[in-house]
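Since the structure comes first, as structure tokens, the remarks are kept for the end.
The values are calculated or read from the model by the stated rules, or taken from the named source; none is laboratory data. Keep in mind that this is a model prediction, so the values were computed, not measured. Every residue, glycine as well, gets a Cβ built from its backbone with ideal geometry; the counts of neighbours run over all protein chains shown. When the accessible area is computed, the model is the full protein with side chains, heavy atoms only, and any ligands, DNA or RNA have been set aside. Shrake-Rupley method; radii C 1.70, N 1.55, O 1.52, S 1.80 Å.
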Amino acid sequence: MRYERDLQVKLQERYRRLYKADYRVYDREIKYFHDFIQQSPALRAIAERIANSLPDLDPDQWIAENFTRRGRYDWPDSELGRAKVTWRFITRWAGDDDPSNHATYFSNDSNFNVIFRAMTEKAVEPFVEYLQTQIGSASEVLYMLERFTRRLEAFDQVELHEWYEKNTTHGEAHYDRYLRRFLFDQGIDYPFSQPKSASGEADVVSGLEGDDPLVCEVKLYDPNRSYGVPYVAKGFQQAISYAHDYGKNVAYLVTFNLTDHGLQLPTDEDTKPWPPRLYVEGVTVYMVTVHAKPRLSASKRGKSSPRVVRREELVQQTNT
């Protein structure tokens, strides 16, 4: 996924600028770094999720209790906890808190540029790596979903649609099973089918035995059979709920379009990368649409307009 790779490169470049910054302008450069994250919807969603994670961990209290002596400091037990404390540091440094108040915790050197670079390397660099890992994980899944879309539309579209027409009551379960089998074949472990969570049952939650579960909600789009945009919006809402339940900042909504017209979902990115994605409540929801109904030839189907879905048609459902 080019967008995700480009974002990783830009993030690394921002870190490089910060690392090379003279200590006398470090407060300005850290503000640029903070603003870059806040102005990127994808990075902002991850940062918000980090800040809202681990409710028992108060980052200000942790800093006060564990950053107390020159050259001595400690991080929480988990990488997520360290990321939460570091993001709090960055937010404070970008605000009214002078970075020099904390720089000496990371080095006993007498050279201030050395001290600030040590702080950047020991605190900010692991945070950047954590962000890049989150971006990279999403990129890998999107690559698989893109291949899935191409496979279904190129090879299995007719067969699956014929089955759907004969068994519409169980149509969603059929497409869901087809997706789950594909993901399993691609190497994504998946011990459960629709596991229980606080919000109900997610259609696809893989890797629950590890630290990085994949949350994916499957929905049909077929207004003639009561699977209209409100039904897709329900799936969007469920994806966010399941992401919260499993402590994730990324979720996926796969919609099988069973109509003759296109389905155009909204995106929060100005560059409009594939697939469209919305950032809501600290969760990035990637929305993949699969055209699951065989199309007539261009000469027979004529001109058709896609169903353009507005952002509020999906997001408003999460606030009701």
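For this structure, a couple of remarks:
- If you go through segment 109-148 and keep only what is out of contact with any Asp or Glu (no Cβ under 7 Å at 6 or more places or on another chain), surrounded by 15 or more Cβ atoms within 10 Å (Cβ to Cβ), within 30 Å of Val250 (Cα to Cα) and among the aromatic types (Phe, Trp, Tyr), you end up with Phe127, Phe148.
- Arg44 being at negative phi and either among the hydrophobic types (A, V, I, L, M, F, W, C) or open to solvent by 90 Å² or more (accessible area, probe 1.4 Å) (or both): no
- Criterion: surrounded by fewer than 20 Cβ atoms within 10 Å (Cβ to Cβ), touching a residue at least 60 places away in the same chain (Cβ under 8 Å), in contact with a helix residue (DSSP H, G or I) (Cβ under 6 Å, 6 or more places away or on another chain) and assigned to a helix (DSSP H, G or I) - qualifying residue of Gln38, Gln8: Gln8
- Any hit, segment 83-92, residues being closer than 25 Å to Gln132 by Cα, over 30 Å from the mean Cα position of the chain (by Cα) and not acidic (Asp, Glu): no
- Qualifying residue in segment 117-127 (condition: in contact with a Lys or Arg (Cβ under 8 Å, 6 or more places away or on another chain), in a helix (DSSP H, G or I) and of a type in the set (Phe, Trp, Tyr)): yes
- Restricting Phe106, Phe89 to those that are buried (at least 19 other Cβ atoms within 10 Å of the Cβ), assigned to a helix (DSSP H, G or I) and of a type in the set (Phe, Trp, Tyr) reduces the list to Phe89.
- Check on Ala64, within 28 Å of Glu146 (Cα to Cα) and either of a type outside the set (Ser, Thr, Tyr) or touching a strand residue (DSSP E or B) at 6+ places or on another chain (Cβ under 7 Å) (or both): no
- Subset tally (residues that are in a loop (DSSP other than H, G, I, E, B) and either on the phi < 0 side of the Ramachandran plot or open to solvent by less than 60 Å² (accessible area, probe 1.4 Å) (or both)) for segment 50-79: 15
- Any hit, segment 214-228, residues being at pLDDT below 85, closer than 27 Å to Ala42 by Cβ and open to solvent by 10 Å² or more (accessible area, probe 1.4 Å): yes
- Residue match in segment 185-207 (condition: assigned to a loop (DSSP other than H, G, I, E, B), out of contact with any His (no Cβ under 6 Å at 6 or more places or on another chain), modelled with pLDDT of 90 or more and farther than 18 Å from Leu278 by Cα): no
- Flag for Glu29 being surrounded by fewer than 18 Cβ atoms within 10 Å (Cβ to Cβ) and either among the aliphatic types (A, V, I, L, M) or part of a helix (DSSP H, G or I) (or both): no
- Filter pass, Asn113 being modelled with pLDDT of 95 or more, more than 31 Å from the chain's Cα centre (by Cα), among the polar types (S, T, N, Q) and not in a loop (DSSP other than H, G, I, E, B): yes
- Tyr242 surrounded by 19 or more Cβ atoms within 10 Å (Cβ to Cβ) and of a type in the set (Ser, Thr, Tyr): yes
- Summed over segment 118-159, the residues that are among the aromatic types (Phe, Trp, Tyr) and at pLDDT below 90 give a count of 1.
- Restricting segment 277-288 to residues that are out of contact with any Asp or Glu (no Cβ under 7 Å at 6 or more places or on another chain) and either surrounded by fewer than 20 Cβ atoms within 10 Å (Cβ to Cβ) or under 29 Å from Lys84 (Cβ atoms) (or both), the residue that is modelled with the highest pLDDT: Met287
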